[in-house]
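Quick notes on the structure that follows.
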Amino acid sequence: MPEPTSDPDFTDDQLLRVLLAQYAQPAPRAAPADIAQRVLARLPAVPPAQAAWVLRQQRLRRRLWQAIFPLAFTVLLAVGVWGVYADTGSVVGFFGGAESAIGYLVLVALLSIKPLAYLLLGSSMPLVLLLLSVGGLYWLWQSILAAAPPMLALDYVEVEQ
């Protein structure tokens, strides 16, 4: 084994230590004996590909939920406006009448959103309502495109071969 003073790595290491000491930098310390066990204990139990897939799924779910709430509100508002302009019974009848589960749900939604629709329509704000609906639908479309996998995106990518 060569002597430590003749090894170029040893000489470079000593020079680095001298330079660090001149600039009052902390001196390097030896690694703890159980560093490998600590690193292995902190690694995730699942493979990186599976962890990335789980993270992508969580992000997708979160974005979809962020898009579902405005969509549900827009649908409820549209049904409320439909109920204001048309008879409530005809709207509920379109969904199977109050005897069916979906018809009952539509009736409850219609009666809960109708005061807001009356407020917006009664105060001469149909244009504002229309603009808000168009803006909300545009925002929803952008949210869906952002949450979509790249293969479903509308931007075409040319690949040179």
Would you please list the contacts, defined by Cβ atoms under 9 Å and residues six or more apart or on different chains, that run from a residue in segment 43-65 that is on the phi < 0 side of the Ramachandran plot and surrounded by 11 or more Cβ atoms within 10 Å (Cβ to Cβ) to a residue that is among the polar types (S, T, N, Q) and not in a loop (DSSP other than H, G, I, E, B)? Arg63/Ser143; Leu64/Ser143
Considering residues that are surrounded by 15 or more Cβ atoms within 10 Å (Cβ to Cβ) and within 32 Å of the chain's Cα centre (by Cα), the number found within segment 93-106 is 1
Within segment 111-134, the count of residues that are buried (at least 16 other Cβ atoms within 10 Å of the Cβ) and either at pLDDT 80 or above or of a type in the set (Val, Ile, Thr) (or both) comes to 1
Pairs only if they're at least six apart or on different chains, beta carbon under 6 angstrom, first in segment 82-96 and on the phi < 0 side of the Ramachandran plot and outside any helix (DSSP H, G or I), second at pLDDT 75 or above and hydrophobic (A, V, I, L, M, F, W, C); list them, first residue then second. Phe95/Ile102; Phe95/Val106
Pairs, first on the phi < 0 side of the Ramachandran plot in segment 3-20, second at pLDDT below 85, C-beta under 8 Å, six or more apart: Phe10/Pro4; Thr11/Thr5; Arg17/Ala27; Arg17/Pro28; Leu20/Pro26; Leu20/Ala27; Leu20/Pro28
Among the residues that make up segment 21-29, is at least one of them in contact with a helix residue (DSSP H, G or I) (Cβ under 9 Å, 6 or more places away or on another chain) and closer than 30 Å to Ala147 by Cβ? no
Taking segment 1-33, which residues are part of a loop (DSSP other than H, G, I, E, B) and surrounded by fewer than 10 Cβ atoms within 10 Å (Cβ to Cβ)? Met1, Pro2, Glu3, Tyr23, Ala24, Pro26, Ala27, Arg29, Ala30, Ala31, Pro32, Ala33
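The values are calculated or read from the model by the stated rules, or taken from the named source; none is laboratory data. Since the model is a prediction, treat every value here as computed from it, not as a measurement. Using ideal geometry, Cβ is built from the backbone for each residue, glycine included, and neighbour counts are taken over all protein chains shown.
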